[in-house]
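The structure appears below as structure tokens.
Throughout, read-outs are computed from the coordinates displayed, never taken from laboratory work. What you are looking at is a predicted structure, and each value in this text was computed from that prediction instead of being measured. A quick note on method: Cβ atoms are made from the backbone with ideal geometry, for glycine too, and the neighbour counts reach across all protein chains shown.
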Amino acid sequence: MAKIDKATTTELEAAAFRRLVEHLRTRTDVQNIDLMNLAGFCRNCLSNWYQEAAKATGHEISKDEAREIVYGMPYKDWQAKYQKEATAEQKAAFEKSHRH
């Protein structure tokens with residue numbers, strides 16, 4: 001494989017991030033608890049990582065601003081439109097997968 005320079009690597013990573021975010025925006029049927037249970041992260045984790053990366057580069061963005069970047073709308077709006085109450089099975093799977 002050809003060596004990719006750092007700037008191109010960053011561009012490719014950014015493109016992959018944008019595609020992931022767009023995919024998550026279209027999959028409103030997939031609840032955050034499902035993501036947590038299967039992958040160990042969710043949209044909120046992704047927005048937290050974005051906020052942390054911004055802070056590490058000297059940019060302050062709020063939790064709400066970071067979530068809006070990931071959700072494509074204010075978090076409260078996404079919750080009202082798409083978030084469902086977690087089932088007992090989802091909650092049990094979450095508790096089992098997040099024991100330390």
- Once the dipole of the chain is set up from charges on Cβ (+1 Lys and Arg, -1 Asp and Glu), the residue from the list Val21, Cys42, Thr87 lying farthest towards its positive end is Thr87
- Query: So which helices of the chain fit the span-like rule, where a helix is a whole DSSP H run, its Cα atoms reach 27 Å or more along the axis, and its mean Kyte-Doolittle is at least -1.0?
  - Reply: 6-26
- Note on the structure: Here the net charge surrounding Leu20, from other residues whose Cβ is less than 14 Å away from its Cβ (Lys, Arg +1; Asp, Glu -1), is +3
